[in-house]
Amino acid sequence: MALVGIAKLAAQASPLQHKRSVDYLQLATRSILNPCSSQRVPFEWTINPYRGCEYGCKYCYARYTHEFMELREPSAFERKIFVKSFQAAVFRRELAAVKAGARLAIGTATDPYQPAERRFRITQQILEILAQMRGLRLSITTKSDLVARDAPILAQLAKSHCLHVSFTVTTMDRRLARLLEPYAPRPDLRLRALRTLREHGIQAGVFASPLLPGLNDSLASLRFLGQSIFEAGASYFGANPLFLRPCSKQVMLSLIEQRFPKLLARYQTLFRRADFLDENYAHQVRKRVEAVRREFRLAPCPEDYLPPEAADPQLSLFEPSWSGTPANAGR
Ligand code: SF4
C-alpha cells in the first residue's frame, strides 16, 4: 500500500539524532545498607540505590560492578540501570546495626541522583527515613543538580546529623565536560545546586576527581574551577588523580584516541604498567590543588561536627517523634 500524508512524510524523515535507550530494571536486593571494612575509605556503611549509572563518564571505574552480573560490555553499565527494591520497614531494621556517630556514605559506587532518581525516588525515601534519626555522619556524592530537589530534607538532616554533600566537578569547560561525562548535568548546573544547598545551611563542597593529565590538571584550569566553586559558596575543595581499572581503561583510552590523539602516547605510557598514576604526578597536582585552596580560602575536606543534641548519648538514634517501631528497639 502506498504511503500518503503524514505516513509518507514519516517514512521519508531523515535521522537527526539517535537518542540512546536506557533500560530500568528492578533488582531484588536483600539490603540497601552495606557494611564497609576498608581502612582506605572514611566510612563504615555505604548506600547505592542504583546499580549502573546513566551519566556514562568515560573514566568511571565503577563499570566493573556490572561484570558481577555477567554484563561485560562497558556500555551496559550506563544503559542497564538496576533500581534496588526498597522497603522502608526493611531499611529501618537494617539501621539497627548502625551505631551513633557512624559514617554512612550515599553514592560511593554510582550516582544517587542520576536520572532514575527522578522517577523512582529511592534516594529521597532513604533520606526521609534518615531524617527520623539523629547522630550519624552522613555524606552524599553526586554530579547531579537533582539533589537540590531534596534541599528541605537535607536541611532537616543537617540539624540532627553531621552532613555534607560533595559535588564532583572536574572542569568548568562545558565542551570538555560533555566529552568526559557525556550525560551528566553541566558543571554550572551542579554549582547552582551547590549554591541552593548552601542557602539551606547545608555543608557542601567540590571534588574535582579525577584529574586527567593534559586535560583538566593545569593550574589555570584548577584556578578557574576554584574561583567558580568559591563564588558558588563551596566550603571545601579536593581532587585526586585519575585511576583506571581495566574496564574503564578501554573506554577512556578510546576517547583519548578519538578526541585527543596527541595525548594518546602519553596515556599509554602512563597506564602501561599500573592502574594508578605515579607519585611524582600525584605530588605535582596536589601542590596545584593546595595553591588553589589557599587562594580561595577553601578547606581540604568537610568539617566534622555533630549537632549538640545528636551527640547526647542518652538519646536514641531514632527521633522520639517518629511513630513507627524503632529499628533498634529491643536490642
Ligand atoms: S557519575 Fe560517577 S558513577 Fe556515574 S558514570 Fe560518572 S563516575 Fe560513574
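Read-outs: derived from the displayed coordinates by stated rules, not from any lab. Here the structure is a predicted model, which is why all the values come from computation and not from measurement. Cβ sites come from the backbone with ideal geometry, for glycine too, and all protein chains shown count toward neighbours.
Within region 247-303, which trypsin sites (Lys or Arg not before Pro) sit in a loop by DSSP and count at most 14 neighbouring Cβ atoms inside 10 Å?
Those that pass, being in a loop and sparsely packed, are Arg272, Arg273, Arg297.
Measuring nothing but alpha carbons in region 229-314 and taking Rh as the Kirkwood radius, the Rg to Rh ratio lands at 1.17.
The gain in end-to-end length when the Ser21 to Ile153 segment is fully stretched comes to 44.3 nm, 0.36 nm per residue minus the alpha carbon separation. The residues neighbouring Gln268, those whose beta-carbon lies less than 13 Å from its own, together hold a net charge of +4 under the Lys/Arg +1, Asp/Glu -1 convention. Once the Cα-Cα distance is subtracted from the 0.36 nm per residue extended length, the Phe276 to Arg195 segment shows a gain of 25.9 nm. Straightening the chain between Leu33 and Arg118 buys 28.5 nm, computed as 0.36 nm per residue apart minus the Cα-Cα spacing. In plain terms, if you count all Cα to Cα distances in region 106-241 and split them into 10 Å steps from zero, the share in each step is 13, 45, 32, 10, 1 percent. Within the listed set Pro261, Pro241, Pro307, the residue fluctuating most in the Gaussian network model of the chain (springs between alpha-carbon atoms under 10 angstrom) is Pro261.
Please list, by residue number, everything in region 196-234 whose backbone N is under 19 Å from a paramagnetic label point 7 Å out along Cα→Cβ of Arg40. Hits in region 196-234 for Arg40 at 19 Å: 208-212.
Here the spin labels are modelled as points 7 Å beyond Cα on the Cα-Cβ line, and at Cys301 and Gln12 they lie 6.5 nm apart. Of Ala76, Ala28, Ala239, which is the most mobile in a GNM of the chain whose springs link Cα atoms less than 10 angstrom apart? Top of the fluctuation ranking is Ala28.
A Cα-only calculation for the chain places Rg and Dmax at 21.7, 80 Å.
Using the Cβ-Cβ distance between Phe68 and Arg286 with R0 set to 30 Å, the FRET efficiency works out to roughly 0.35.
Just to be sure I understand: with springs between alpha-carbon atoms less than 10 Å apart, which residue in Gln258, Gln124, Gln39 has the highest mean-square fluctuation in the Gaussian network model of the chain? Comparing Gln258, Gln124, Gln39 in the GNM, the peak value goes to Gln39.
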